[in-house]
Amino acid sequence: MKMISCFMLLFLLLSKVVVAEVETDAEKTLKSSVDKVFAIMLDKEMTMDQKKTKVIKITNTVFSFPLMAKLSIGKAHWSAFNDKQKGEFINLFTELFQGFYVDKLDLFSDEEVVFEPATMVKKKKIQIPTTLLSKGKKYSMLYKMSNTKEGWKVYDITIEGVSLVHTYRSQYTHILNSGDVEDLLAKMREKNKKKKIKSCNSNPRL
């Protein structure tokens with residue numbers, strides 16, 4: 001289920017979008033980001049490395065990585081992190097998420113996402129239900145966005161009823177319950193290190 005969530009997340013941000021006539025600011029923000037990614041992936045003048053670099057910058061504008069990171073740990077465990085550990089965890093989480101994201105850009109295809117009317121669940125939180133149309137199949141998706149100081153940001157996506165943040169939390173909780181914060185950070189550092197080595201090996205010129 002984790003892999004399904006991750007792959008669907010990728011497709012969501014690489015898809016053509018059909019939006020209702022009336023758009024909320026959150027929908028406009030999301031659609032704008034999708035359009036930018038789509039334009040980048042269709043640009044035949046750029047190399048894949050150049051596309052990945054540009055897409056990474058877009059993820060920084062549409063995702064609230066600090067909030068995603070905190071939610072992926074949960075209140076009970078987050079309080080066990082000191083300030084330094086919190087800062088490092090957010091950076092490691094962001095790096096892992098973006099690393100996975102750009103690794104899957106080669107899967108780009110002509111998908112379509114239909115946006116349904118958004119629902120305001122709290123004063124500063126909104127949910128945007130969507131349907132992903134991919135190769136004759138339909139997948140229900142729900143974007144969860146928060147109105148932060150930097151504007152509307154995605155903090156979770158639920159795909160076919162499965163929350164991306166909850167999936168991460170399940171993994172991290174397992175590690176924290178059998179170890180401690182430093183054990184989790186060590187595993188994340190090692191994972192990032194392996195991804196960088198793999199990236200260098202696949203791109204000898206770097």
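Beta carbons closer than 7 Å, at least 6 apart along the sequence or on distinct chains, pair a first residue in region 146-160 that is over 15 Å from LYS28 (Cβ atoms) with a second that is assigned to a loop (DSSP other than H, G, I, E, B) for SER146/SER64; SER146/LYS124; THR148/SER64; TYR155/SER64.
Within region 44-64, the set of residues being touching a Phe, Trp or Tyr at 6+ places or on another chain (Cβ under 8 Å) and in contact (Cβ under 8 Å) with a residue 60 or more places away in the chain comprises PHE63, SER64. None of LYS125, LYS187 is over 15 Å from the mean Cα position of the chain (by Cα), at pLDDT 90 or above, over 23 Å from THR24 (Cβ atoms) and surrounded by 15 or more Cβ atoms within 10 Å (Cβ to Cβ) except LYS187.
Of all residues in region 65-81 being in contact (Cβ under 8 Å) with a residue 60 or more places away in the chain and in contact with a helix residue (DSSP H, G or I) (Cβ under 8 Å, 6 or more places away or on another chain), which is most open to solvent (accessible area, probe 1.4 Å)? Checked region 65-81; the qualifying residue most open to solvent (accessible area, probe 1.4 Å) is ALA80. Tell me, please, whether a residue that is outside any loop (DSSP other than H, G, I, E, B), at pLDDT below 95, small (Gly, Ala, Ser) and at negative phi can be found in region 62-69. Within region 62-69, not a single residue is outside any loop (DSSP other than H, G, I, E, B), at pLDDT below 95, small (Gly, Ala, Ser) and at negative phi. Please go through region 98-122 and give me each residue that is at pLDDT 85 or above and either part of a helix (DSSP H, G or I) or surrounded by 19 or more Cβ atoms within 10 Å (Cβ to Cβ) (or both), ordered by number. Matches in region 98-122: GLN98, ALA118.
Out of the residues in region 131-170 that are basic (Lys, Arg) and modelled with pLDDT under 90, state the one that is least open to solvent (accessible area, probe 1.4 Å). Ranking the candidates gives LYS137 first.
The values are calculated or read from the model by the stated rules, or taken from the named source; none is laboratory data. Quick caveat: nothing in here was measured; it's all calculated off a predicted structure. Methodologically, a virtual Cβ is constructed for each residue, glycine included, from the backbone with ideal geometry; neighbour enumeration extends over all protein chains shown. Heavy atoms of the whole protein, side chains included, go into the accessibility calculation; ligands, DNA and RNA do not. Shrake-Rupley method; radii C 1.70, N 1.55, O 1.52, S 1.80 Å.
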